[in-house]
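Student: Provided herewith is a single structure, encoded as structure tokens, for subsequent inquiry.
Since every read-out is calculated from the coordinates, none of them should be taken as a lab result. Being a predicted model, the structure only gives us computed values, none of them experimental. Glycine also receives a Cβ, built like all others from the backbone with ideal geometry; neighbour counts cover every protein chain displayed.
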Amino acid sequence: MASRLFSRGLGIAGFLAAASSLKADKEYIYGIGSDWALYQLTVDPVANTVAVAKQSVNLTGFISGWGTRYNEVLNGLGIDQSTGDIYFNYSYNSSATSTSGTMSVVPYIYQNQNGAYKVPYALGATITSTTLPATDASGGWMPRATYYNGSYYAGMQSSDTFVVLPITGSTTKSYTSVLQYTDWDHTTGTTSMSGGDFVLGSNGVVYGATDAAGVNIFFRQQLSNATNVSSGASWTNFNIDVSIPYATQGSIQVAGLGASTNLYVASTAGQNLYRVNGYNGSSAPTFSQIGGSAVLGVTFTDLSIVLSSPLPVPEAPTGPVGVILIVAAGTGGIGRHGPRWRAKVSQRLRPRR
């Protein structure tokens, strides 16, 4: 189906629009696993099920210098639902000790161009801790990120500082400035953002989760307050450790909104997926587990917003250099991969924030 749509010149927008009429009952989330591969989560909100499929892409093969540095992590997944572009970051540091040395992060894009994914490339210069706050790099220096309204938003590990990279360009995309916002939760201290994740809703609200002193916290904050460094209301946060204990479930990755009103969280150690109920309420939200225990079978470093249709599956290069062939998600794949390409993931992977 994908090839027919693209041959008619519809591109990614046409593909997603046409596919949505066939897949309107499903919600699609993407994630980076701790094996550094790309995954698709297909959620059926009515049947209360989720299926996890590993895409045939290990992102480390596209990272310049991967395997030659300390504490390397791929994290910070964001998706532009209007184009299908996939954003993520590569972080590392100059010391074998994750909490010392110079921290560095390189934002990458997996860009869709006229129905084909280009080989992932760096969006711009490496960002280092010589110009941004040097914080605990364990689990990735910028572990939280999302794409929103033309920019890539990334939150820093063990810090309430985040950066915004305005994205420009069309054929080749890039960022030319790094906007930095400190104390964006407007609370005392700088460790309120340890671990966890966030997404941005169309209402301009940041929804996320973090862990503080071994306790899982759910929070929300108006983006207008977050980007007002000198003043602004403090975030709203709730202790959710009774519902999702950090001691047994680990830290939390956040997914959802985007093309849906549903918000989801996934536990890293427990490998469970939950729907968040009452995330705009005045009291702590409640959580409805999707599927059974440890249903995901994968530990994710980050998750995306919800898409109403599956993305064309990025494939490792088998055609002309610089272009990645694609097929429609849900098909048996192409070339040597055959029907095994979409095999359900069952292996248990090592946890990472």
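Student: Check the straight Cα-Cα distances from Lys173 and name the aspartates and glutamates below 20 Å, setting aside those fewer than 8 residues away within the same chain.
Tutor: Qualifying aspartates and glutamates at Cα under 20 Å: Asp80, Asp85.
Student: Highest mean first, how do 72-82, 212-222 rank when packing is the count of other Cβ atoms within 10 Å averaged over residues?
Tutor: Per-residue mean Cβ counts within 10 Å order the peptides as 72-82, 212-222.
Student: Further question: Multiply the residue separation of Asn280 and Ser177 by 0.36 nm, subtract the distance between their alpha-carbon atoms, and state the gained length in nm to one decimal.
Tutor: Contour length minus the Cα-Cα distance gives 33.8 nm.
Student: Between Ala233 and Tyr121, what FRET efficiency follows from the Cβ-Cβ distance if R0 is 35 Å, with the result rounded to 0.05?
Tutor: In this case the efficiency is close to 0.35.
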